[in-house]
Structure formats: C-alpha cells, structure tokens
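Heads up, the thing below is written out as structure tokens.
Values quoted throughout were computed directly from the atomic coordinates according to the rules given, and no laboratory measurement underlies them. Not measured: the values here are computed from a predicted model. Neighbour counts are summed over all protein chains in view; Cβ atoms, including those assigned to glycine, are modelled from backbone coordinates with ideal geometry.
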Amino acid sequence: MSPKSKILIAEDEPAVLRLVGSNLKRAGYTVSEVTHGDEVAARVFSWKPALLLLDLMLPGTSGFDLCRKLKSDARTSQMPIIMLTAKAQERDRVRGLELGADDYVTKPFSPRELVLRVQAQLRKLPGHTSADTIQIGEILVDRAQPAAQVGGQPIALTATEFKLLAILMERTGRVQTRNRLLTDVWGYETPIESRTVDIYVTRLRGKLGRAASHLETVHGFGYRFVEHPGK
C-alpha cells in the first residue's frame, strides 16, 4: 500500500461516510474512518494517512481544535486537511483556513468534486515537485526534502505554504495574481475563494519573520517575491 493512497475520513454521519468512502475507494484510495473527534489524532499518528477529510462538527474534540493541533505538530504539519461541514458562512471558512486547513467543502457536495479536490491536494506532496534548492537572501527552500530555512534555521511550513513560497521564489521579481496562484498552488482552474491567497500569504509572512519583507504586496494585482526588499 502506498502511503500516498491512504485517506482518513473523520465524519460522524453514516450516509456521508458511505458516500465519501465508496467514491474514494473507487478512485483507488485506501480509506480509514473515525466517527469521534477524540479518536482522530491517535488514528492520524498511528495510521499516518496522506490526507485527512475532517468534519468540523464531530462529537468530542472539534474539527477546528484538531486542525490547529495537527498543523502545529511537525509530524503532521504537511498533511493536507480538507474540512467538511454544513457551515457555509464565510467566517467559518476563513477560520478554518487561518488554522491551517488546505481546503474547505460545504455539504451537500459533489462526490466527484471532492475526489478532484483530494487529488489536487495530494499532487502537492513530496514526489510531485522537482527536487532542487532555491536560496534568496536568508530564505532557502529545498524541494527534495521538502524543507525551508530562514537564516539557517528550519521553519515549519504546511505543504501548501511550502508550495506557495517555492513558486513565488521561482518567479522572483514577477507579479503573481491571486487567480494565477489559486491555479498553480491550489490546483483550481477557476477562482474559488479570493481571500484564500491573502490568508496564506499572511501566515507565510508570520513564519518567515524578519525575512517576510521579501514578500511584496502589489495592490490591485497580487504578490511578488523580491530579491532586495525596499529597493
């Protein structure tokens, strides 16, 4: 069994479990299921799935708390998390993204669309990117690991944050629109949530610390990585 084929579904609605599980299995994935929030972290650490489908309204530990815990742990920070929820309000989507969720799907949803979103997230994992090293100023990204450093010190990035940083660095000096980044980083052919890019850039700046000045906002267009900030 390839580790990249393992999907954990954390969902307490039997009908949704059957629907999601059957479609993922049909697409060639190996599926495991948990129905209580208190079981999720233990299953993640023992079974080591490639991706977690996480219902926000699980009994026990909430999906928000689980996302925060898993994304702040170095062992699971790069594991993609797709949140599943009946909550469609923007504040819930934004909160999930701020906590590190890689995608957000509201119920009811198309099983085919969900499988495509899973595939888009898994394409970002190690093995789907070229193995090379880029260093500009104090920032270094190594696609072969994958790993990132600032001033020789490692920084913990999620898979999406890493891919966003690597793409911006590869295109140093060139403005990247939000729509272009949604396509190249998140794998979408059409824009879905324009604030997604902004939230991730804010999180990335926070992790880059003193080197965050390399990420320049180009108002009305998008973002640009600059080699010499302030010039």
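See the values below:
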item: C-alpha long axis of helix 37-47 to longest principal axis of the chain, angle in °; result: 70 degrees
item: Exposure proxy ranking, count of Cβ atoms within 10 Å, fewest first, for Leu66, Leu19, Leu114; result: Leu19, Leu114, Leu66
item: Helix 111-122 axis, angle to the chain major axis (alpha carbon atoms, nearest 10°); result: 40 degrees
item: Order of Asp103, Asp73 - criterion: other Cβ atoms within 10 Å of each residue's Cβ, fewest first; result: Asp73, Asp103
item: Neighbour-limited loop hits for trypsin sites (Lys or Arg not before Pro), segment 1-108 (at most 14 other Cβ within 10 Å; DSSP other than H, G, I, E, B); result: Arg75
item: Residues Ile134 and Ser110, FRET efficiency given R0 of 35 Å [Cβ-Cβ distance, rounded to 0.05]; result: 0.40
item: Correct choice for percent of Cα pairs over 29 Å apart that was computed from the model, options (1) 21; (2) 26; (3) 33; result: (2)
item: Counting DSSP beta bridges with both ends in segment 3-148, the antiparallel % (nearest 5); result: 25 percent
item: Extension gain from Gln119 to Asp184, taking 0.36 nm per residue of separation minus the Cα-Cα distance; result: 22.0 nm
item: Spacing of the two label points (7 Å from each Cα toward its C-beta) at Val175 and Phe221, in nm; result: 0.3 nm
item: Among the listed pairs Lys25/Lys163; Lys69/Lys124; Lys48/Lys163; Lys69/Lys107; Lys48/Lys71; Lys69/Lys207, those beyond 19 Å (Cα-Cα); result: Lys25/Lys163; Lys69/Lys124; Lys48/Lys163; Lys69/Lys107
item: Between 0 and 90°, nearest 10: helix 159-170 axis offset from the chain longest Cα axis; result: 20 degrees
item: Added length on full extension, which subtracts the Cα-Cα distance from 0.36 nm per residue, Arg210 to Ser22; result: 63.0 nm
